[in-house]
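The values are calculated or read from the model by the stated rules, or taken from the named source; none is laboratory data. In this text, all values refer to a predicted model and were calculated from it rather than measured experimentally. Positions of Cβ are backbone-derived with ideal geometry, glycine not excepted, and every protein chain shown enters the neighbour counts. To get the accessible areas, we keep the full protein, side chains included, count just its heavy atoms, and leave off ligands, DNA and RNA. Shrake-Rupley method; radii C 1.70, N 1.55, O 1.52, S 1.80 Å.
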Amino acid sequence: MLLTSPVWAQEPGEVTDEDVHPLLVNGFSMDIGVFFPRRTLDLRVNRANPALPGENTLIDLDQEFGLRNGDETTAVEMAWRYGQRWSFLGQYFKSTYGVTKTLDEDISWDDIVFNAGSSATVAGGFQLTRFFFGRELDTSPKHNFGIGGGIHWMDIGTAIEGTVIVNDEPFSERRSARIEGPLPNIGVWYKYSITPRWAFRSRLDFFSASIDRYDGYMINGGLGLNFRAWEHIGFGLSYNYFELDVDVAETNWHGDIETIYSGAYVSVTAFF
C-alpha cells in the first residue's frame with residue numbers, strides 16, 4: 001500500500017510536472033546559439049539640415065558593396081518566471097560587416113560624392129538587446145500564453161570612407177550614420193508542451209509610433225521547437241524575424257533605415 005499510494009494520489013487524467021516540457025514548468029531557461037540571418041539594409045541620407053534643398057538619396061549597401069547577407073552571429077535568449085504569473089524575457093544578438101571595393105557608380109552622401117572607379121570601404125553593425133516583462137493569461141498545464149511590454153535597445157551604425165574629387169584633386173572623405181536608443185513595444189508569447197520532451201514556442205513584439213527622434217515601426221518575432229535531451233539540457237530550432245523601418249531626425253543626420261534580419265536560430269537550452 002505504501003508503494004502504490006503515489007499512484008492513488010494522482011487523479012485519472014491529471015497532468016503533473018513530469019508530463020510537461022520544462023519550458024512551461026521550470027523557473028528559468030536560457031538559449032545560447034547561432035543565428036543564421038539573411039540581411040537587407042537600405043539607408044537614406046540627406047543634408048544635416050532638412051530645410052536645405054537636396055535629394056534624400058537611397059544607398060543600398062547590400063547591392064552597392066556586395067555585402068554577404070548570411071553571416072552567422074551568436075545570439076542569446078532567456079526567460080525567467082517569477083511569482084505566480086509574471087515573466088521576464090530577454091534577447092541579444094549583434095551583427096557586423098565590412099568590405100572594401102571599387103565603386104561601379106557614384107555614391108552621394110550629404111554634400112559629397114564618392115566617385116565611381118575609386119576604392120571605398122563600408123563598415124558597420126547592428127546590435128539588439130530586448131527587455132520584456134509579461135503576465136501569463138493561461139495557466140493550464142500544457143499551455144502558456146502571455147502578454148506584456150518592454151523595450152528594444154538598438155545600436156545601428158554604418159560608415160563609408162573613400163575618395164572624392166575636388167578641383168581635380170583626390171581627397172579621402174568619411175561619412176557615417178548611427179542611431180542608438182530604446183524603442184518601446186508590446187508583445188505576446190505562446191508555448192505548448194507537445195510531449196514531455198517536445199515543446200512548441202512562439203513570440204511576437206510590435207512597435208509603431210512616433211517617439212522623440214524616430215518615426216516608424218518594428219517587428220520582432222520567432223517560432224520553433226525545443227527538444228529536451230536530458231533533465232536540464234535541450235536543443236532548439238527556431239525561425240527568427242526582425243524588421244525595422246524608421247525615419248530618423250538626428251542632429252547630424254535626417255534620413256531613414258530599412259533593415260530585415262530573418263533566418264534559422266539553432267541553440268542549446270538550459271532549464272533550471
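In the set (1) in contact with a strand residue (DSSP E or B) (Cβ under 8 Å, 6 or more places away or on another chain); (2) without any contact (Cβ under 8 Å) to a residue 12 or more places away in the chain, the condition left unmet by Trp230 is number (1). All conditions but one from (1) at pLDDT 70 or above; (2) assigned to a loop (DSSP other than H, G, I, E, B) apply to Gly54; the one that does not is (1). Just name the residue that is nearest to Gly255 (Cα to Cα) out of those in region 57-70 that are in contact (Cβ under 8 Å) with a residue 24 or more places away in the chain and surrounded by 14 or more Cβ atoms within 10 Å (Cβ to Cβ). Per the stated criteria, the residue is Thr57.
Would you confirm, using the coordinates I've provided, whether Phe171 is open to solvent by 70 Å² or more (accessible area, probe 1.4 Å) and within 19 Å of Met30 (Cα to Cα)? Spell out the reasoning first.
Working: open to solvent by 70 Å² or more (accessible area, probe 1.4 Å): yes; within 19 Å of Met30 (Cα to Cα): no.
So Phe171 fails the test.
Which condition from (1) open to solvent by 50 Å² or more (accessible area, probe 1.4 Å); (2) assigned to a strand (DSSP E or B) is the one that Gly216 breaks? Gly216 satisfies all of (1) open to solvent by 50 Å² or more (accessible area, probe 1.4 Å); (2) assigned to a strand (DSSP E or B) except (1). Checking each residue in region 114-151 for being surrounded by fewer than 16 Cβ atoms within 10 Å (Cβ to Cβ), β-branched (Val, Ile, Thr) and part of a strand (DSSP E or B) picks out Thr121, Ile147.
Residue-level analysis places Ser202 outside the set of residues that are within 26 Å of Thr259 (Cα to Cα) and open to solvent by 50 Å² or more (accessible area, probe 1.4 Å). If the condition is being modelled with pLDDT of 85 or more and either within 22 Å of Asn185 (Cβ to Cβ) or touching a helix residue (DSSP H, G or I) at 6+ places or on another chain (Cβ under 8 Å) (or both), then region 105-119 contributes no residue at all. Every residue in region 60-103 that is of a type outside the set (A, V, I, L, M, F, W, C) and part of a loop (DSSP other than H, G, I, E, B), please. Gly66, Arg68, Asn69, Gly70, Asp71, Glu72, Gly83, Gln84, Arg85 - these are the residues of region 60-103 that are of a type outside the set (A, V, I, L, M, F, W, C) and part of a loop (DSSP other than H, G, I, E, B). If the condition is being open to solvent by 60 Å² or more (accessible area, probe 1.4 Å) and within 15 Å of Ser202 (Cα to Cα), then region 220-272 contributes Leu223, Leu225, Phe227, Leu237, Tyr239, Tyr241, Val266. So for region 247-258 (the condition being touching a residue at least 40 places away in the same chain (Cβ under 8 Å), of a type in the set (Val, Ile, Thr) and closer than 30 Å to Ala116 by Cβ), does at least one residue qualify? Scanning region 247-258, I find at least one residue that is touching a residue at least 40 places away in the same chain (Cβ under 8 Å), of a type in the set (Val, Ile, Thr) and closer than 30 Å to Ala116 by Cβ, so the answer is yes.
The residue of region 24-42 that is nearest to the chain's Cα centre (by Cα), among those that are more than 16 Å from Thr73 (Cα to Cα) and either modelled with pLDDT of 95 or more or among the aromatic types (Phe, Trp, Tyr) (or both), is Met30. Residue pairs whose Cβ atoms lie under 8 Å apart, separated by 6 or more positions or on different chains, with the first residue in region 125-146 and of a type in the set (Ser, Thr, Tyr) and the second open to solvent by 60 Å² or more (accessible area, probe 1.4 Å), are Thr129/Tyr92; Thr129/Trp153; Thr139/Arg85.
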